[in-house]
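Working notes, structure below.
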There are 2 protein chains.
Amino acid sequence: MICVLAGGVGAAKLLNGLKDVLPSEEITAVINTGDDAIMHGLYICPDIDTVTYTLAGVNNVETGWGLQGETWVAMESLKKLGGETWFNLGDKDLATHLYRTARLSEGVGLKEITKEIASAMGISVNLLPMTEDRVETMVTLLESGDEISFQEYFVKHRHEVPISSVRFNGSQQAQATHGVIDAIREAEVVIIAPSNPLVSIAPIFSIPEISNALKERKEDVVAVSPIVAGSALKGPADRLLNELGYEASVEGVAKYYQDWINTLIIDKADFDSVENIESLGINCVSTETVMSDPQIAASLGSTLLGLKR
Amino acid sequence: MICVLAGGVGAAKLLNGLKDVLPSEEITAVINTGDDAIMHGLYICPDIDTVTYTLAGVNNVETGWGLQGETWVAMESLKKLGGETWFNLGDKDLATHLYRTARLSEGVGLKEITKEIASAMGISVNLLPMTEDRVETMVTLLESGDEISFQEYFVKHRHEVPISSVRFNGSQQAQATHGVIDAIREAEVVIIAPSNPLVSIAPIFSIPEISNALKERKEDVVAVSPIVAGSALKGPADRLLNELGYEASVEGVAKYYQDWINTLIIDKADFDSVENIESLGINCVSTETVMSDPQIAASLGSTLLGLKR
């Protein structure tokens, strides 16, 4: 059994790679829900959906979110009505949010709903929302000092505005979803996927129960750096690291993860940083991490499993 | 100024007819909200939408609900997920419910939202939900004794199951939408549209303020019978009248409306009933009421206006 702490796209690719080298049933993903949003009354879980759609092979590879072969009839009509359309929801994608919202209103928990959707899409990886309680990633803008939701920052402002801080509203009171703590305790290895450390992985860390369970497994925690040669492959991880006082480099990632991990996997482009990272007391492996095709993802999966075998 | 108490399809056709013989701005429709439903977290107002879509000329004439040229991508995807799809929502139609739900969550009232949607669709008839409070038309099934929502009865069970009673949950505490009482007081004539008396008009009557205002205007209240030659043109009005102890005839309608109206308009097919109805102390006019084309609707509109001029 292995456990993967997951955000969106990077995590989804890694899970696909792991699925190629390990039976799906042996993989548990603990997925960030801090950027969940309620839009038009619908409950939306962007990271869960990205992972689910990717594992089902129906994700839109070009956009990095949403579904292949999507149509946009509802959004076009909403625009004509003068509605808010900055958070674009395709017609097929809407069905996921309608389903989830209906089930939530029936009193079913997010874990069960996530499982139902995954199962309907033929997925046997165990997908667990980090919590069934509401944790909201909130971002403070540097210039105005306004605090906005993660989706407003990420989608509405296209993560183009500098920020001064991030917090996870509700995390101190939040409980880990049933099964998360056991998955961390029983995993052969706990993998931190190459997701944004500050806004995809940090919300998972922010839940006290999860944080404690992870620290007890520190010797078996391996992270994959989402920063390659000083840049994020996707999204604002590099800028956020700089803005929040870290360095946008594999060293910066190593320092951020220092208290949590035993090993950091970095890309071969960053080979020269291996020594620096090991001087922090972190094992470091340099390999191909840019999962531009399924073979590379599977190979990275093998490397991760090989560390403990 | 005239005021029209409105349900769905029949009312929408009549409003279209009135709009042809009177400036839109002089028409206020007070629309039933008792069959509003929350589906998948979305707030849906079937009667308001039917009236709005019909006045905008974008309604689906075949089905009697929804929009022309609709697509069904979201519902097809929802079905694959195993979601509830008995209440069919087209992709374009979904936009209306997304818009309404988003605006409600921003604290905007149903009156304002209804106006915004109507305005975006180019409608100048004044459309007022009967109340901004929640009133729920609840139906008790004859055989099981179960009480279900109107939409479950009407759509899920296709109004094929006999019922023993109807009630309007919340109506005693509900307040009329601002503007409704003035519209009734100031109208030259108050028209009860040819909608289902028991489940489209009765919910409007069930709000005490509206009931009182209507009774004060009884001399100027005219109803159009939704029953023609013993049958409802659409929907279960005939069966409901029978099931709830009335007669499925223009006489049955007259008796049901007795306390509220001065005049009943019946179809020429029911000409022989004029005397019976007048013997109840109700003026009766027999004319063409089946609005199978816009000319007939406009002509019926003229007849209604002519009564008071």
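The values are calculated or read from the model by the stated rules, or taken from the named source; none is laboratory data. Owing to the predicted nature of the structure, the values given are computational and were not obtained by experimental measurement. Quick reminder, even Gly has a Cβ in these numbers, built from the backbone with ideal geometry, and neighbours come from all protein chains shown.
In the stretch A:104-150, what residues are closer than 17 Å to A:Phe168 by Cα and within 14 Å of another protein chain (Cβ to nearest Cβ)? Correct list: A:Ser149 only. Do we have any residue at all in the stretch A:214-229 that's of a type outside the set (D, E, K, R) and either at pLDDT below 95 or more than 20 Å from the chain's Cα centre (by Cα) (or both)? The answer is yes; a qualifying residue exists.
In this entry, B:Tyr99 is excluded by the filter for residues that are within 18 Å of the chain's Cα centre (by Cα), within 30 Å of A:Gly66 (Cβ to Cβ), touching a residue at least 12 places away in the same chain (Cβ under 8 Å) and within 12 Å of chain A (Cβ to nearest Cβ).
Going by what's in this entry, would A:Leu142 be described as touching a residue at least 24 places away in the same chain (Cβ under 8 Å), surrounded by fewer than 16 Cβ atoms within 10 Å (Cβ to Cβ) and touching a Pro at 6+ places or on another chain (Cβ under 8 Å)? When the stated conditions are applied, A:Leu142 passes them. If you go through the stretch A:75-88 and pick out every residue that is in contact with a Gly (Cβ under 8 Å, 6 or more places away or on another chain) and at the interface with chain B (Cβ under 8 Å from one of its Cβ atoms), you end up with 1.
Number of residues in the stretch A:241-257 that are outside any helix (DSSP H, G or I) and either closer than 19 Å to A:Ala229 by Cβ or at pLDDT 95 or above (or both): the value is 4.
Within the stretch B:46-58, how many residues are more than 14 Å from every other protein chain (Cβ to nearest Cβ) and either closer than 21 Å to B:Gly235 by Cα or in contact (Cβ under 8 Å) with a residue 40 or more places away in the chain (or both)?
Narrowing the stretch B:46-58 to residues more than 14 Å from every other protein chain (Cβ to nearest Cβ): B:46-47, B:50-51, B:54-55, B:57.
Pick out the ones that are also either closer than 21 Å to B:Gly235 by Cα or in contact (Cβ under 8 Å) with a residue 40 or more places away in the chain (or both) and you get B:46-47, B:50-51, B:54-55.
Total meeting the criteria: 6.
Among the acidic types (Asp, Glu), surrounded by fewer than 22 Cβ atoms within 10 Å (Cβ to Cβ) and at negative phi - does that describe any residue in the stretch A:46-55? Explain how you work it out, then say what you get.
First, the residues of the stretch A:46-55 that are among the acidic types (Asp, Glu): A:47, A:49.
Next, only the ones that are surrounded by fewer than 22 Cβ atoms within 10 Å (Cβ to Cβ) stay: none.
There is no residue in the stretch A:46-55 that is among the acidic types (Asp, Glu), surrounded by fewer than 22 Cβ atoms within 10 Å (Cβ to Cβ) and at negative phi.
Working carefully through the options B:Ser273, B:Ser200, find the one that is closer than 27 Å to B:Ala56 by Cα and in a helix (DSSP H, G or I).
Values: B:Ser273 fails: closer than 27 Å to B:Ala56 by Cα.
Result: B:Ser200 is the single residue among B:Ser273, B:Ser200 that is closer than 27 Å to B:Ala56 by Cα and in a helix (DSSP H, G or I).
Scan the stretch A:134-151 for residues that are in contact with a strand residue (DSSP E or B) (Cβ under 9 Å, 6 or more places away or on another chain) and either among the hydroxyl-bearing types (Ser, Thr, Tyr) or within 13 Å of A:Asp36 (Cβ to Cβ) (or both) and the total you get is 9. Taken over the stretch A:97-130, the criterion of being among the hydroxyl-bearing types (Ser, Thr, Tyr) and more than 18 Å from A:Leu15 (Cβ to Cβ) is satisfied by A:Tyr99, A:Thr101, A:Ser105. If the condition is being buried (at least 21 other Cβ atoms within 10 Å of the Cβ) and in a helix (DSSP H, G or I), then the stretch A:218-237 contributes only A:Ala237. When the stretch B:260-309 is filtered for residues that are acidic (Asp, Glu), modelled with pLDDT of 95 or more and closer than 18 Å to B:Lys13 by Cα, the ones remaining, listed by number, are B:Asp267, B:Glu288. Once the stretch B:227-248 is narrowed to residues that are of a type outside the set (A, V, I, L, M, F, W, C) and in contact with a strand residue (DSSP E or B) (Cβ under 6 Å, 6 or more places away or on another chain), the residue that is nearest to B:Leu300 (Cα to Cα) is B:Asp238. Scanning the stretch A:10-42 for residues that are in contact (Cβ under 8 Å) with a residue 24 or more places away in the chain, closer than 15 Å to A:Glu132 by Cα and surrounded by fewer than 21 Cβ atoms within 10 Å (Cβ to Cβ) yields a single hit, A:Ala37.
The stretch B:114-176 holds strands (runs of 3 or more DSSP E) entirely within its bounds, and those carrying 1 or more residues that are closer than 28 Å to B:Ile2 by Cα map to B:126-129, B:136-141, B:163-169. Looking at (1) more than 12 Å from chain B (Cβ to nearest Cβ); (2) surrounded by 14 or more Cβ atoms within 10 Å (Cβ to Cβ); (3) free of Cβ contacts under 8 Å to residues at least 40 places away in the same chain, which is the only condition A:Thr63 fails? Every condition holds for A:Thr63 apart from (2). Only residues that are crowded, with 23+ Cβ neighbours inside 10 Å and not hydrophobic (A, V, I, L, M, F, W, C) were counted in the stretch A:78-91, giving 2.
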